[in-house]
Amino acid sequence: MTTGESNHVARIRQLVEDWALFRDAGDWGGFRSVWHDDGWMTATWFQGPATEFVRASREGFENGVSILHFLGGFTCQVTGERAIAQTKMKIQQRGPIDGTVVDVTCTGRFYDFLDCRDGRWGMVRRQPIYEIDRMDPVDPAADLKLDDELLRTFPVGYRHLAYLQTALGHQVMNGLPGLRGQAVKLLYREGQEWLAGSPRPGTPLASGTPRTA
């Protein structure tokens, strides 16, 4: 890797870390700065322009929604002024299920489409990959009972996260990429096409359909 490529990778890694730190700390100006103006975000509970995601995240934060992000290993492919980054992550959300406060922890990866414009790297699309999750009552002595039939309607990679978010009134996306399957294969193909010069970073709306809470 050349010195120039190393510098690009370091800047991209900083963007990924800034995203998590700024978002969880409620630094909305900083959070906006990691995106390009036409950036696009998909999550279990949201899909749309990054500007709207920033707004929705701020609204939730100010209303007491508890969602935190933890980052792990990182890899990045840079081709010219475009890049694909993958970062191991955990999403933790706290909320009530039938009066019992729970923590849901979802493990996966952030899969990011980025490019460099006028010397500035920014995110063009972020698509999480949801690999496995679990739910735990905050009070270990609590008696937590889930609707097993409802739970099984959600994809295995974010089953408990979707259950909690549905209970909180969100519309949850189905068919988002997991560790295996056609959705994640499509995402990988879109990533390689982006590096090869595709005019857009895939088609986010193809990755799922909303569920009505």
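The values are calculated or read from the model by the stated rules, or taken from the named source; none is laboratory data. It should be emphasised that the depicted structure is a prediction, and the values quoted were computed from it without experimental measurement. Neighbour counts run over all protein chains shown; Cβ positions are idealised from the backbone, glycine included.
Among the residues examined, ARG189 qualifies as over 16 Å from GLY108 (Cα atoms) and either hydrophobic (A, V, I, L, M, F, W, C) or without any contact (Cβ under 8 Å) to a residue 40 or more places away in the chain (or both).
With respect to (1) more than 21 Å from GLY169 (Cα to Cα); (2) of a type outside the set (A, V, I, L, M, F, W, C); (3) surrounded by fewer than 21 Cβ atoms within 10 Å (Cβ to Cβ), the lone exception for ARG109 is condition (3).
Taking HIS160 as the residue in question, decide whether it is within 16 Å of the chain's Cα centre (by Cα) and more than 15 Å from GLY108 (Cβ to Cβ). Judged against the criteria, HIS160 is not a match. Counting only residues that are buried (at least 21 other Cβ atoms within 10 Å of the Cβ), among the β-branched types (Val, Ile, Thr) and closer than 25 Å to VAL104 by Cβ, the stretch 66-94 holds 2 of them. In the stretch 1-31, of all residues being of a type in the set (D, E, K, R) and within 15 Å of the chain's Cα centre (by Cα), the one that is surrounded by the most Cβ atoms within 10 Å (Cβ to Cβ) corresponds to ARG23. Restricting attention to the stretch 47-57, does a residue exist that is surrounded by 14 or more Cβ atoms within 10 Å (Cβ to Cβ) and in contact (Cβ under 8 Å) with a residue 60 or more places away in the chain? Scanning the stretch 47-57, I find at least one residue that is surrounded by 14 or more Cβ atoms within 10 Å (Cβ to Cβ) and in contact (Cβ under 8 Å) with a residue 60 or more places away in the chain, so the answer is yes. The residue pairs whose first member lies in the stretch 132-153 and is assigned to a helix (DSSP H, G or I), whose second member is modelled with pLDDT of 95 or more and not basic (Lys, Arg), and whose beta carbons are closer than 7 Å, counting only pairs six or more residues apart or on different chains, are LEU150/TYR163; LEU151/TYR163. Beta carbons closer than 6 Å, at least 6 apart along the sequence or on distinct chains, pair a first residue in the stretch 172-183 that is touching a residue at least 24 places away in the same chain (Cβ under 8 Å) with a second that is part of a strand (DSSP E or B) and basic (Lys, Arg) for VAL172/ARG211; ASN174/ARG211. Only residues that are in a helix (DSSP H, G or I), surrounded by 14 or more Cβ atoms within 10 Å (Cβ to Cβ) and of a type outside the set (Val, Ile, Thr): list them for the stretch 173-207, please. Of everything in the stretch 173-207, those that are in a helix (DSSP H, G or I), surrounded by 14 or more Cβ atoms within 10 Å (Cβ to Cβ) and of a type outside the set (Val, Ile, Thr) turn out to be ALA183, LEU186, LEU187, TYR188, GLU190, GLY191, GLU193, TRP194, LEU195, PRO204, SER207.
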